[in-house]
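Take a look at the structure below.
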Amino acid sequence: MKKTVRSLLLICALISAACMLPGCITYNSLVSLDEGVKESWAQIETQLQRRMDLIPNYVETVKGYAAQEKDVLVKVTEARSKVAGAGTIPEKIDANNQLTSALSRLMVVVEKYPDLKSNQNFLRLQDELAGTENRIAVARKRYNEAVKEFNTTLRSFPANMIARAFKFKAATYFDAPESAKTPPPVKF
């Protein structure tokens, strides 16, 4: 009789373990994907910080040549301040989209000033900023890929049940603002 009870307990334990194993694997997968999203966002923030460090130099260089374009320079500075004050990921996305828009208008101003474009310091700074913008674009793409993978897994069955039980939330995509769809006007 004792052997039968032990055997039944062992069988129940094995069945329970077999039922829990997929749930554990799914949970660990969700944790890994969530960390991938966070790591991808950290890469964006690294590049955004690089841009934030370059912008004051860029603005000061342009100011020396284009004092009458004060409005554009003020908008870049204001947008940079908004980025520095953003707290949540959606706020940071919105603030950085505004900064990207302001920088594109600044590039239009630069087109008006051939002397500025020939200045070696400016050219070096412009190359650094262009390289940073490319790095940001790549980091945004990788972040959105990580968000897609995480959100897809989060919504898939049976992972959605595990996600709901452990309160996993869908991540936010880094979307371009509507203003990015319209190129800035170039006037000579």
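Taking the stretch 1-42, which residues are loosely packed, with under 10 Cβ neighbours inside 10 Å and under 25 Å from Asn160 (Cα atoms)? Ala18, Cys19 - these are the residues of the stretch 1-42 that are loosely packed, with under 10 Cβ neighbours inside 10 Å and under 25 Å from Asn160 (Cα atoms). Please work out if Glu45 is surrounded by fewer than 18 Cβ atoms within 10 Å (Cβ to Cβ), among the acidic types (Asp, Glu) and in contact (Cβ under 8 Å) with a residue 24 or more places away in the chain. Here the answer is yes, as Glu45 does meet what is asked. Of the helices (runs of 4 or more DSSP H) lying entirely inside the stretch 56-171, those containing at least 3 residues that are among the hydrophobic types (A, V, I, L, M, F, W, C), closer than 30 Å to Pro22 by Cα and modelled with pLDDT of 75 or more span 120-155, 159-165.
The values are calculated or read from the model by the stated rules, or taken from the named source; none is laboratory data. Since we're looking at a predicted model, the values are computed, not measured. No Cβ is skipped: glycine too gets one built from the backbone with ideal geometry, and neighbour counts run over all protein chains shown.
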